[in-house]
Amino acid sequence: MKTYCFLLLIALSITPVSAKTSIAILDFELNDLTLKPKTATEINRTASIKPMLEKELKGVGYNIISIDLAAQNIANSGFGYLFDHDDVAAELGKTAGADYVLVGRLHKPSFLFAYIMGHLIRVKDGQLIGNYISETKGGDEKLTLKGVESLADKIDKDLDNRYTPPPPPKPCRVRCAYH
């Protein structure tokens, strides 16, 4: 019995400890192609995406790495640069000590819908792991959150596969906000 316990302790001590997967999420850019671009409402909505996504991924155990906005701005040579240059985004993530970096954009071609887009890049080799798009219809916070949940689910499927998006709300028997 003592030998068995001793062997069990040795086996547990040499079992690798799995570290949390770390992701640096950059601030999302707004690409507003509507006739009235970059309103305060859309700028605020775009700014809300990163914290929502961080909350969703952190809630299932991902380690969220902060990258200073000044460092992001220095690495970004202009609108869309980091979104289009995986190697530069990977270097930014490597400097922060992340395993992955997510570069995001809110693409708004119409007043009726928008796309929350993301590029997930593996930092160690600068490889694009995933190119994600989640469509949102309308601009209210609940709909944006549903788009973010969809994005989190897609990211997680390519990484640790532990995220389950919340179920849709149950229909109301009386007229409510969902009808």
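Here, each number is a calculation from the coordinates, and none is a lab measurement. Everything quoted here is computed from the prediction, not taken from an experiment. Glycine gets a Cβ as well: all are built from the backbone with ideal geometry, and neighbour counts include every protein chain shown.
Annotations
- Contour excess over end-to-end distance, with Cα ends at residue 153 and residue 128 and 0.36 nm allotted per residue: 7.3 nm
- Tensor-based shape of the range 75-175 (alpha-carbon gyration tensor, a/c under 1.5 rounded, otherwise prolate or oblate): oblate
- Fully extended contour minus Cα-Cα distance, from residue 91 to residue 55, at 0.36 nm per residue: 10.6 nm
- Restricting the trypsin sites (Lys or Arg not before Pro) of the range 79-130 to loop positions (DSSP other than H, G, I, E, B) with no more than 15 neighbouring Cβ atoms within 10 Å leaves 124.
- Estimated FRET transfer efficiency (residue 137, residue 164; beta-carbon r; R0 22 Å; 0.05): 0.45
- Each of 108, 58 was scored by other Cβ atoms within 10 Å of its Cβ. Arranged with the fewest first, they read 58, 108.
- Average Cα contact separation per residue, the range 23-158, under 8 Å, 6 or more apart, as relative contact order %: 27 percent
- Listed residue (41, 21, 76) projecting farthest to the positive dipole end of the range 11-110, Cβ model: 41
- Stretch gain in nm, segment residue 71-residue 110, where the contour uses 0.36 nm per residue and the Cα spacing is subtracted: 10.9 nm
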